[in-house]
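The values are calculated or read from the model by the stated rules, or taken from the named source; none is laboratory data. Everything quoted here is computed from the prediction, not taken from an experiment. Here the Cβ positions follow ideal geometry from the backbone for every residue, glycine too, while neighbour counts run over all protein chains shown. Areas reflect the complete protein model, heavy atoms only, side chains present, ligands, DNA and RNA absent. Shrake-Rupley method; radii C 1.70, N 1.55, O 1.52, S 1.80 Å.
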Amino acid sequence: MQSIKEIGNLEFRKIEGDDKYLEIFTEDFSKGTKYKTVFEIVIAMENDIAAFREIRTREYDDEFKFKYLYRSGSSRGSDITPTAKITEPQKTYINKIVAGFEDGVLDCDNNHIEEKKELQLVLNILKNEKAVIVKKIEEVFNSIPKKERAVVLTVVIQNSGEVKYIGDYEVFRKRVKEIPIKKFYYSDTYKKEVRGEKSSCSICNSLKDEVYGLASPFAFFTIDKPGYIAGNFNYERSWRNYPVCKQCAIELELGKNYLDSNLQLSFYGRKFYLIPKLIYPNQLEKVLRRYRSAFRNDEFKKAKDIGSAEEQILKLLSKEDNTVTFDLMFIEENNAALNILLSIEDVYPSTFSMLYNQWQEIRGMNFFNKVEYLANFNYINMLFNSKENNKYFLDTIDKIIGKGKIEYNFLISFINKKLVEAFIKEEKDEFIKGEDNYYIATLRAYTFIYYLYKLKKFRNKGESGVEDMEREEWNIKDFQNKRAAFEDFFSCNKAFFDSNSKRSVFMLGYLSKKLLNLQAVNENGRKPFMSNLNGLNITKRELTRLMPKIQGKFQEYKKEYYNEELELASQYLIESNNLNDLANLDIPLYFSMGMNMERKFKLSINDDHNDSVDGGIINDQK
């Protein structure tokens, strides 16, 4: 919060003029919208007699911002001033314009006697001439093409040659400055005030005459349940949870508005604020200017269009030096509230550099040639969709960017689900556009786990590490025999293959794929052996029974040139005591790796012996 307040303080100091609060709380209805046209209800005033004159159309000019004095209010009730965006002419006129003048008249005290008198005269004519005025508004409004009906309605008073706008009345200027602040301490839900006196502000740590309890722009705690309320469960005393003074509350609001406009980004569909925190605060404006420019430039916009904005963010942040850290605050809009889902604090640029560069290194390895697009964080998004498993997505991101460790068994259970889904589709010869086929699903899972092993991000797992995958394939010409080729692959992936059980499952997957390829060639595309794989839901007992079945089928097809692979798989199986130390969770991944990395092994000198066939069209989903 302190960092957001500092951004807000910087924005506050930029505001020119004597009345900064009026500058802050007056809204420009044309900014970022199509509202460029204003209907002025012209009321003539002379000798204390008011009369409706006309509906005057004007193109909006920035110089009239404080004349029109627009400040939105409740969607169902009146706005803070009688200047309003037209939804339906009659409804807007009654609920916003007439009601706005009624509020103004009620708020006039003894210091605004003349204003009250004048506003009451205008209010009377607005009510008495309602039918005429509404009809005129509708005529002009309906004459505009529907697509261009973004119009603001206000009132202008002409009095003895003097033209007065809503912003010329002190009572309305007062409402604009005071009512927005009311939300910092008044609950419309409970109709109660939450503020204290002579207390320290939790932001600036200064003793203040008054502090507010509802000033945080983010809902990081709740006071609608007794267990969260300080002050002996008294709602009115709940300001003690988070007391904020008026100035800090306003600067927090300005800081949040700046984040909304310039530093609210998206990470695979999840909104987050990027909040810089500097060792040298005098550099804040320079840093903010740099990132405001970076996230608006054409390169970043292009990256958003092609779905690689997340990588551009990592790349940009990795270039900073460590005199700045960043907070990543993931947020969720829930009705009118803005909830903090996750806050990753004090992330150094060196961390972003490590994360970004590791992906870059993987993309440059020969093994990942042609599938380098799999090397990114999108796989977390695929595993944990935002509707059902957003909490797991955020938790995983938190541990990768932060200092936490990932539980392997938890992650692998979701990876297995993806692998099984892809396997079943392949089993049925289904290829769905936009979804990974079995080969890509396996390579994507392997790439992500390989990345996490490189970062040493698993808890109590992968200490042996993985080597750079410089080989694109394992060719028999580079090895003394087939065993040497497989053992070289396993050696490069020690963190994966830290037991004979896992090597055995890989070999069984490899041999199963070879057999399925052989059947497809010899039986007109049929693959009857697929039924033995039970939709990839294979138990350890079923795995041990696959070996003799595979061997028997090779003999049946009179293809005995896989004897070395069979011998190696049998050895691993025996040495593992029939997969005694294998977890059932590991079976789908390692079996899938064997099946789909089969094409990475070119182990037959005679081309006639190479039964490898394409496992399906590569899906380049990113």
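P(r) tail, segment 313-361: Cα-Cα pairs separated by more than 15 Å, 53% of all pairs.
Working from label points 7 Å from Cα in the Cα-to-Cβ sense, the A484 to D429 distance is 4.2 nm. Rounded to the nearest 20 debye, the dipole size of the chain about its Cα centre is 780 debye, using +1 on the Cβ of Lys and Arg and -1 on the Cβ of Asp and Glu.
With 0.36 nm allotted per residue and the present C-alpha distance subtracted, the N47-L585 stretch has 184.8 nm of extension available.
For segment 256-365, the set of chymotrypsin sites (Phe, Trp or Tyr not before Pro) satisfying both a DSSP loop assignment and a count of at most 15 other C-beta atoms within 10 Å is empty.
What the Cβ-Cβ distance of I340 and N124 gives, at R0 = 51 Å and to the nearest 0.05, is a FRET efficiency of 0.55. The distance between label points at E467 and R13 comes to 5.7 nm (points 7 Å beyond Cα on the Cα→Cβ vector). For the set K514/K602; K417/K456; K256/K277; K65/K146, the pairs lying more than 22 angstrom apart at their alpha carbons are K417/K456; K65/K146. In percent, rounded to a whole number, the relative contact order of the chain is 10, using alpha-carbon pairs under 8 Å and six or more apart. Axis of helix 482-492 versus longest Cα principal axis of the chain: the two differ by about 30°, to the nearest ten degrees.
Equivalent ellipsoid of segment 389-491: semi-axes from √(5λ) of the C-alpha gyration tensor, largest first, are 27, 23, 10 Å.
Take each of the peptides 124-130, 583-589, average the number of other beta-carbon atoms within 10 Å over its residues, and list them starting from the highest.
583-589, 124-130
Once you place label points 7 Å from the Cα toward the Cβ at K146 and D260, how far apart are they in nm? For the pair K146/D260, the computed spacing is 3.0 nm.
When only the Cβ of Lys, Arg, Asp and Glu is charged (+1, +1, -1, -1), the dipole of segment 321-437 relative to its Cα centre reaches about 220 debye. Multiplying the residue separation of E139 and K456 by 0.36 nm and subtracting their alpha-carbon distance yields 107.1 nm. Mean silhouette area of the chain, derived from the convex hull of its C-alpha atoms and averaged over all directions, reads 37.1 nm². Toward the positive end of the charge dipole of the chain, with +1 on the Cβ of Lys and Arg and -1 on the Cβ of Asp and Glu, the farthest Cα among S413, F431, N9 is that of S413.
Stretching K36 away from E421 to a fully extended chain increases their span by 133.3 nm, per 0.36 nm per residue minus the current alpha-carbon distance. The angle separating the long axis of helix 113-128 from the principal Cα axis of greatest extent in the chain is about 70 degrees.
Count charges around L328 for me, please; just the other residues with Cβ under 15 Å from its Cβ, Lys/Arg as +1, Asp/Glu as -1. Every neighbour counted, the sum reads -3. Of the residues F458, V371, N563, the one whose Cα sits farthest towards the positive end of the charge dipole of the chain is N563 (charges of +1 on Lys and Arg Cβ, -1 on Asp and Glu Cβ, taken about the Cα centre).
For the chain, the solvent-accessible area with a 1.4 angstrom probe is 49 square angstrom per residue. With a cut-off of 8 Å between alpha carbons and a minimum separation of six or more residues, what is the relative contact order of segment 145-205 in percent? Relative contact order comes out at 13 percent.
With every protein chain in place and a 1.4 angstrom probe, the accessible-area ranking of D468, D168, largest first, reads D468, D168. Applying 1/(1 + (r/R0)^6) with r as the Cβ-Cβ distance of E407 and E575 and R0 = 30 angstrom yields a FRET efficiency of 0.60. Packing around the peptides 32-41, 373-382, 552-561, taken as the average count of other Cβ atoms within 10 Å per residue, puts them in this order, highest first: 373-382, 32-41, 552-561. Split the accessible area of segment 49-183 by element, probe 1.4 Å, and carbon with sulfur accounts for 45%.
Restricting to Cα pairs below 8 Å that are 6+ residues apart, what does the relative contact order work out to for segment 1-75? Please round to a whole percent.
Values: 58 pairs, mean separation 20.9, N = 75.
Reported as a whole number, the value is 28 percent.
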